[in-house]
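The values are calculated or read from the model by the stated rules, or taken from the named source; none is laboratory data. Computed from a prediction, not measured in an experiment: that's the story for all the values here. Cβ placement follows ideal geometry from the backbone for every residue including glycine, while neighbour counts extend to all protein chains displayed. Ligands, DNA and RNA are excluded from the accessible area calculation, which covers all protein heavy atoms including side chains. Shrake-Rupley method; radii C 1.70, N 1.55, O 1.52, S 1.80 Å.
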Amino acid sequence: MDWHPLRLTTPVKQHVFGGRAIAERLGRTGLPDGPIAETWEVSDVDGDASTVLDGPLAGRTLRHLMAEHAEELLGPHPRPGPRFPLLTKFIDGSRPLPVHLHADDATARRLEGEPHGKTEAWHVLDAAPGATALVGVHPGVDRDSLHRALLAQDFDAVMRRLPVRAGQTVYVPGGTLHSFGPGTLVYEIEPTSDIQQHAMRSHMEDGSPVPDREWHTNLARLLDEWRPEPRPEFHPGLSIPLDDGVARTVLCAGPHFALERWTAGTGTPLVHTFSTARIVTNAGSPVTVTSGSWTGPLDRARTLLLPAALGEVRVQGPADVLIGYVPDLHRDIRAPLLAAGHGPAAVAALGEGLDPR
């Protein structure tokens with residue numbers, strides 16, 4: 001097959017915490033009226049699978065491509081399972097997101113019947129002055145004290161409230177209680193999963209009340225899936241200078257995903273080689289992308305999925321793009337960062353599985 005970059009449909013979620021930031025601040029077109037909480041840029045979640053929009057594969061879902069072309073899509077050693085491994089989103093926290101968590105891998109297998117859990121990372125694209133996020137709990141918070149706080153809906157009594165600034169990223173391990181907003185616009189990357197447990201008295205979809213019995217059941221399940229230990233911090237990422245005017249910043253990394261932000265001026269194009277699938281999302285002005293025999297535009301706040309079979313992408317600057325993928329942690333992350341002069345502790349702080357010992 002003559003592979004080319006894939007433009008995909010993007011499921012839209014109009015939950016009550018959303019607003020119009022994705023359209024108004026990012027310039028995203030084609031969105032429905034009303035609040036837009038999330039656009040799922042690449043998704044193989046059951047019931048919300050992305051579909052190829054154009055070219056010879058038009059109309060095929062990611063699940064179909066995984067079944068028929070896993071090696072060309074993912075690379076020579078595709079991970080087992082029918083789903084594409086990554087889910088990426090724009091999320092508009094115009095209002096606070098619900099306080100919630102996602103099970104880690106072991107808990108997802110034990111309690112959710114899912115093959116893996118949902119660690120995630122947020123890269124902050126825009127944040128109002130004074131914006132904050134709730135990420136993890138204070139030291140000493142145990143199950144009973146957390147339960148009392150959740151019953152009272154007094155989240156600040158037990159949770160860490162951190163300042164949020166544009167350009168920073170936080171890696172949130174599965175099992176970590178969290179929320180962000182208001183006034184926060186993020187790009188999120190995670191494994192393909194939609195498992196979650198909420199602490200709220202209202203449904204995030206439409207704001208309707210959660211009946212008492214359902215709410216208490218939700219809290220019990222949340223407590224069973226909660227991990228008290230993770231206390232993630234926001235950070236600016238670690239940069240690796242490349243060609244003149246081209247910079248690579250590693251924002252986060254772990255066993256399930258890595259996210260990087262690449263920038264380039266007008267003099268030298270951004271050139272990126274790869275052996276596994278890449279998700280390229282434009283965080284800046286419209287650019288021209290070339291990969292294989294294909295050349296085409298990529299507007300701001302739009303995404304291309306690059307099959308592994310393509311092997312290289314060129315982006316003509318000025319460019320500012322996010323690149324997500326499943327990494328080889330040593331080859332793709334640890335080794336180049338250490339070679340660029342970053343210390344082991346700084347590298348390990350980007351996520352999980354990066355401690356060189």
Worksheet item: If you go through region 15-67, how many residues are in a loop (DSSP other than H, G, I, E, B) and crowded, with 19+ Cβ neighbours inside 10 Å?
Response: 9
Worksheet item: Before we move on, is Val315 touching a helix residue (DSSP H, G or I) at 6+ places or on another chain (Cβ under 8 Å) and not hydroxyl-bearing (Ser, Thr, Tyr)?
Response: no
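Table: residues versus (1) acidic (Asp, Glu); (2) under 18 Å from Asp194 (Cβ atoms); (3) open to solvent by less than 20 Å² (accessible area, probe 1.4 Å); (4) not in a strand (DSSP E or B).
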| residue | (1), (2), (3), (4) |
| --- | --- |
| His69 | no, no, no, yes |
| His77 | no, no, no, yes |
| Gly81 | no, yes, no, yes |
| Pro98 | no, yes, yes, yes |
Worksheet item: When residues of region 262-277 are filtered for being within 11 Å of Asp320 (Cα to Cα) and part of a loop (DSSP other than H, G, I, E, B), how many remain?
Response: 1
Discussion item. Please determine whether any residue of region 185-208 is buried (at least 18 other Cβ atoms within 10 Å of the Cβ), of a type in the set (Gly, Ala, Ser) and in a helix (DSSP H, G or I).
Written reply: no
Fill in: First in region 207-231 and closer than 24 Å to Arg95 by Cβ, second anywhere and among the charged types (D, E, K, R) and open to solvent by less than 50 Å² (accessible area, probe 1.4 Å), Cβ under 9 Å, 6 or more apart
none
Practice prompt. Out of the residues in region 283-334 that are under 17 Å from the mean Cα position of the chain (by Cα) and small (Gly, Ala, Ser), state the one that is most open to solvent (accessible area, probe 1.4 Å).
Written response: Ala283
Worksheet entry | Inter-residue pairs, beta-carbon under 6 Å, first closer than 14 Å to Gly311 by Cα and touching a residue at least 24 places away in the same chain (Cβ under 8 Å) and in region 260-275, second open to solvent by 50 Å² or more (accessible area, probe 1.4 Å) and part of a strand (DSSP E or B), 6+ apart | Val271/Arg314; Thr273/Glu312
Practice prompt. Could you tell me whether Arg213 is over 14 Å from Leu101 (Cβ atoms), part of a helix (DSSP H, G or I) and charged (D, E, K, R)?
Written response: yes
Worksheet item: at negative phi, part of a loop (DSSP other than H, G, I, E, B) and crowded, with 19+ Cβ neighbours inside 10 Å - does that describe any residue in region 238-251?
Response: no
Discussion item. Among the residues that make up region 83-91, is at least one of them more than 16 Å from the chain's Cα centre (by Cα), touching a residue at least 40 places away in the same chain (Cβ under 8 Å) and open to solvent by less than 20 Å² (accessible area, probe 1.4 Å)?
Written reply: no
Worksheet entry | For Ala166: the one exception among (1) outside any helix (DSSP H, G or I); (2) surrounded by 18 or more Cβ atoms within 10 Å (Cβ to Cβ) | (2)
